[in-house]
1. Kindly evaluate residue 163 against the criterion of being surrounded by 13 or more Cβ atoms within 10 Å (Cβ to Cβ), under 30 Å from residue 72 (Cα atoms) and without any contact (Cβ under 8 Å) to a residue 12 or more places away in the chain.
2. Given the structure, is residue 123 surrounded by fewer than 12 Cβ atoms within 10 Å (Cβ to Cβ) and more than 22 Å from residue 108 (Cβ to Cβ)?
3. Between residues in the range 37-65 that are free of Cβ contacts under 8 Å to residues at least 12 places away in the same chain and residues that are surrounded by 12 or more Cβ atoms within 10 Å (Cβ to Cβ) and not in a loop (DSSP other than H, G, I, E, B), which pairs lie under 6 Å by C-beta distance while being six or more apart or on different chains?
4. Taking the stated definitions as given, is residue 170 surrounded by 16 or more Cβ atoms within 10 Å (Cβ to Cβ) and within 22 Å of residue 137 (Cβ to Cβ)?
5. Looking at the range 71-84, can you tell me whether even one residue there is free of Cβ contacts under 8 Å to residues at least 12 places away in the same chain, surrounded by 10 or more Cβ atoms within 10 Å (Cβ to Cβ) and within 24 Å of the chain's Cα centre (by Cα)?
6. Confirm whether residue 91 is more than 30 Å from residue 18 (Cα to Cα), modelled with pLDDT under 95 and surrounded by 12 or more Cβ atoms within 10 Å (Cβ to Cβ).
7. Of the numbered conditions (1) part of a loop (DSSP other than H, G, I, E, B); (2) modelled with pLDDT under 95; (3) farther than 30 Å from residue 131 by Cβ, residue 86 fails exactly one; give the number of that condition.
8. Just give me the residues in the range 1-55 being touching a strand residue (DSSP E or B) at 6+ places or on another chain (Cβ under 8 Å) and either assigned to a loop (DSSP other than H, G, I, E, B) or exposed (fewer than 14 other Cβ atoms within 10 Å of the Cβ) (or both), in sequence order.
């Protein structure tokens with residue numbers, strides 16, 4: 001999915017406003033980017049997520065969230081009154097939501113290099129360019145206006161927290177803040193949507209071969 005925000009400013013306009021020392025645009029832009037996509041687990045780290053996952057898998061009846069449908073949130077309540085049932089219900093759901101997202105990220109989004117896959121090349125380096133550079137705090141280059149969004153997990157791509165919860169699978173999300181990135185992504189997407197569809201008999205042959213296995 002390539003999402004173009006209507007009436008959004010161009011990458012050059014964003015750069016000019018970021019470079020303006022008298023504006024708070026830079027701070028608000030970073031806050032927006034951090035809310036739209038992340039590069040770390042929700043309130044945790046890989047070691048803690050793995051430990052929690054090991055504990056869950058040791059329990060009888062545990063079903064991975066990738067095999068379950070998402071649970072819609074209850075009505076939101078923030079009255080903060082002691083004993084408020086709607087508040088507790090929403091708080092419990094939110095805690096389960098974060099645990100589920102971390103579970104899915106560890107299962108589906110985490111990259112693991114292998115000799116038969118990404119390392120299968122003459123240079124023996126990961127073709128997917130993992131591990132990613134770890135950036136503890138979002139920052140802006142004062143000379144170019146380039147934004148580096150914080151990314152604390154080297155084996156994860158950036159993602160939107162809601163998408164794994166809804167889709168129950170691997171999904172990446174990134175912000176296109178340069179003309180080069182926009183052009184390359186549009187070329188990648190249009191290459192897929194313009195591919196010729198398979199003939200019906202080829203589809204049936206593929207289905208038959210799967211059942212034969």
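1. Yes; evaluated as a whole, the condition is true for this residue.
2. When the stated conditions are applied, residue 123 passes them.
3. 62/56
4. Numbers: surrounded by 16 or more Cβ atoms within 10 Å (Cβ to Cβ): yes; within 22 Å of residue 137 (Cβ to Cβ): no.
No; evaluated as a whole, the condition is false for this residue.
5. Looking for residues that are free of Cβ contacts under 8 Å to residues at least 12 places away in the same chain, surrounded by 10 or more Cβ atoms within 10 Å (Cβ to Cβ) and within 24 Å of the chain's Cα centre (by Cα), one finds none in the range 71-84, hence no.
6. Values: more than 30 Å from residue 18 (Cα to Cα): yes; modelled with pLDDT under 95: yes; surrounded by 12 or more Cβ atoms within 10 Å (Cβ to Cβ): yes.
Yes: the conditions hold for residue 91.
7. Unmet for residue 86, out of (1) part of a loop (DSSP other than H, G, I, E, B); (2) modelled with pLDDT under 95; (3) farther than 30 Å from residue 131 by Cβ: (1).
8. Pass one, the range 1-55, residues touching a strand residue (DSSP E or B) at 6+ places or on another chain (Cβ under 8 Å): 18, 26, 29-30, 33, 37-40.
Residues satisfying the conditions are 37, 39, 40.
The values are calculated or read from the model by the stated rules, or taken from the named source; none is laboratory data. All values reported here derive from a predicted model rather than from experimental measurement. Note: ideal-geometry Cβ built from the backbone for every residue, glycine included; neighbour counts use all protein chains shown.
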